[in-house]
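No lab work stands behind these numbers, since they all come straight from the coordinates. The structure displayed is predicted, hence computed values, not measured ones. Cβ placement follows ideal geometry from the backbone for every residue including glycine, while neighbour counts extend to all protein chains displayed.
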Amino acid sequence: MLGNDDLPKFGPAGAEPPLTSAPVIISQAFFGVRLDEPSVQAAGAIRILSAPGAEVRSRFPEPVEWMNITNWANWVQLYRAGTGALGAGWLELAFITGSNSRGLRLAMDGLIGGRTRGAWPFMRLASKLCNVEFRRVVYSQRWVRNDKIIQMSPGETLKRSTSRTVGISSTKSKELSRSLGFSRTGRAGVLQAQISERIETTVTIHEEHQDTQECGLTNDRTGYYRRVACWYVQHEFAVDALIASSVTVDMLADPEWRPSDEAQDLQWVPRESASFVSPYAGNSTCADIPA
């Protein structure tokens with residue numbers, strides 16, 4: 001999590017620090033979302049990832065350092081999103097135990113584009129995956145500064161109130177829930193449980209409100225002014241979808257088609273983003289300058 005070591009510092013002669021720090025990625029996860037309508041671009045991305053030959057990792061757009069698509073757990077996420085309650089236990093077992101993603105390739109060759117090739121269990125799986133989009137959610141934090149810098153005279157003690165809108169609005173909470181693939185949407189408490197399920201990280205989410213905090217400050221250094229900045233933690237969520245922009249229906253319908261240069265067209269496109277600030281927790285930085 002974000003720490004005090006990440007707080008921006010004052011510059012020379014007490015120059016104001018930036019309004020925000022650089023974001024720090026806390027957690028990220030992959031998942032599948034069922035779409036209302038089939039998407040050629042989404043199905044094409046899954047087809048490219050499942051194609052034999054090149055290493056799967058090399059097919060992703062940058063950055064790829066933290067991606068582990070070769071892990072079967074990621075394919076299971078897609079499977080579950082596509083089949084839902086229709087999936088039988090033995091079908092899931094056949095899917096996740098295939099070698100070199102053979103099960104997924106059979107599924108893609110089986111029914112995408114209307115073809116009916118391959119074993120019937122995989123045909124049913126393919127028809128569901130046409131309506132599935134592969135997504136990632138990235139959770140990051142950064143420090144954001146209260147706009148006004150407090151300046152104190154030598155020996156001065158004061159109490160100062162800080163006020164800021166914190167938490168997430170009901171509208172944005174529902175939009176983020178939908179982008180994460182949940183049909184049930186609600187206020188902050190619902191979203192908090194859903195985010196914890198997706199990224200396996202506990203995030204405290206407050207409903208939007210005006211937060212006012214009073215803090216006591218003291219400048220105990222003789223002959224120096226003290227400049228103080230108060231900081232809040234900002235939480236940021238970005239949900240992106242992986243698509244293949246150049247893939248067409250004819251390509252997906254062709255059982256002999258194998259991706260080559262088209263793999264370079266894989267790209268992450270934004271689906272939703274949200275940011276909100278936590279209530280003030282007393283974090284501050286200061287700089288002393290000669291009076």
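Quick notes on this structure:
- Segments 30-43, 236-249 sorted - mean Cβ within 10 Å per residue, highest first: 236-249, 30-43
- Once the C-beta distance of Ser170 and Ala291 is scaled by a Förster radius of 45 Å, the resulting FRET efficiency is 0.40 to the nearest 0.05.
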